[in-house]
Amino acid sequence: QVQLVESGGGLVQAGGSVRLSCAASGRTFSNYGMGWFRQAPGQEREFVAAISRYGASTYYADSVKDRFTISRDNAKTTVYLQMNSLKPEDTALYYCAAKGGPTSIETMTARSYDYWGQGTQVTVSS
């Protein structure tokens, strides 16, 4: 089993930055592609970003391209989401997830991810 724990969320002003972290259990962290999803009240869960097992490939939703950066440190078994130029519409509960299959396949589909964290709230004020 893989356990994921997100941290780093909170209140931030529009235009500001925040870095989310997701700490994973286990020494097989590099076996998994990792993704970030978000969900706002009354909205469907939305793909944000993903990164392949060793970080060679990254994927982003159009809404966050050039503002967010996903990265990972396999030695620390941690994945990060650096969020810059934040907008009020970025307000959501952010989840990290682990994907056992090839990262490039169904990258944006939540059901293709095997393990999920509890989420961390990001609120962007105007």
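The values are calculated or read from the model by the stated rules, or taken from the named source; none is laboratory data. Note that this is a predicted model, so its numbers are computed, not measured. Note that each Cβ is placed from the backbone with ideal geometry, even for glycine, and that neighbours are counted across all protein chains shown. Surface areas here come from the heavy atoms of the whole protein model, side chains and all, with no ligands, DNA or RNA. Shrake-Rupley method; radii C 1.70, N 1.55, O 1.52, S 1.80 Å.
Being small (Gly, Ala, Ser) and surrounded by 15 or more Cβ atoms within 10 Å (Cβ to Cβ) is the filter; apply it to the stretch 31-86 and report the residue that is nearest to residue 117 (Cα to Cα). Ranking the candidates gives 35 first. Can you find a residue in the stretch 25-33 that is modelled with pLDDT under 95 and at positive phi? For the stretch 25-33, residues modelled with pLDDT under 95 and at positive phi: present.
Scanning the stretch 50-89 for residues that are aliphatic (A, V, I, L, M) and modelled with pLDDT of 95 or more turns up 50, 51, 56, 61, 64, 70, 79, 81, 83, 86. The C-beta contact set for the stretch 92-119 (first residue under 13 Å from residue 36 (Cα atoms), second residue among the charged types (D, E, K, R) and surrounded by fewer than 22 Cβ atoms within 10 Å (Cβ to Cβ), distance under 7 angstrom, 6+ apart or interchain) comprises 98/114; 99/114; 103/53; 110/45; 112/106.
When the residues of the stretch 87-102 are filtered to those that are under 15 Å from residue 47 (Cα atoms) and open to solvent by 10 Å² or more (accessible area, probe 1.4 Å), the one that is nearest to the chain's Cα centre (by Cα) is 95.
Taking the conditions exactly as written (farther than 19 Å from residue 11 by Cβ and either open to solvent by 30 Å² or more (accessible area, probe 1.4 Å) or within 12 Å of the chain's Cα centre (by Cα) (or both)), does residue 123 satisfy them or not? No. Which residue pairs have Cβ atoms under 6 Å apart, sit 6 or more places apart or on different chains, and have a first residue in the stretch 62-82 that is without any contact (Cβ under 8 Å) to a residue 40 or more places away in the chain and a second that is part of a strand (DSSP E or B) and open to solvent by 50 Å² or more (accessible area, probe 1.4 Å)? Partner pairs satisfying both residue conditions: 69/82; 70/58. The set of residues in the stretch 14-30 being surrounded by 15 or more Cβ atoms within 10 Å (Cβ to Cβ) and in contact with a Leu (Cβ under 9 Å, 6 or more places away or on another chain) consists of 18, 20, 21, 22, 23, 24.
What's the total number of residues in the stretch 2-29 that are in a loop (DSSP other than H, G, I, E, B) and within 15 Å of residue 100 (Cβ to Cβ)? Summing the residues that are in a loop (DSSP other than H, G, I, E, B) and within 15 Å of residue 100 (Cβ to Cβ) in the stretch 2-29 gives 5. Return the residues of the stretch 90-126 that are among the polar types (S, T, N, Q), in a loop (DSSP other than H, G, I, E, B) and either under 22 Å from residue 26 (Cβ atoms) or at pLDDT 95 or above (or both); say none if nothing qualifies. Selection gives 91, 103, 104, 107, 109, 118.
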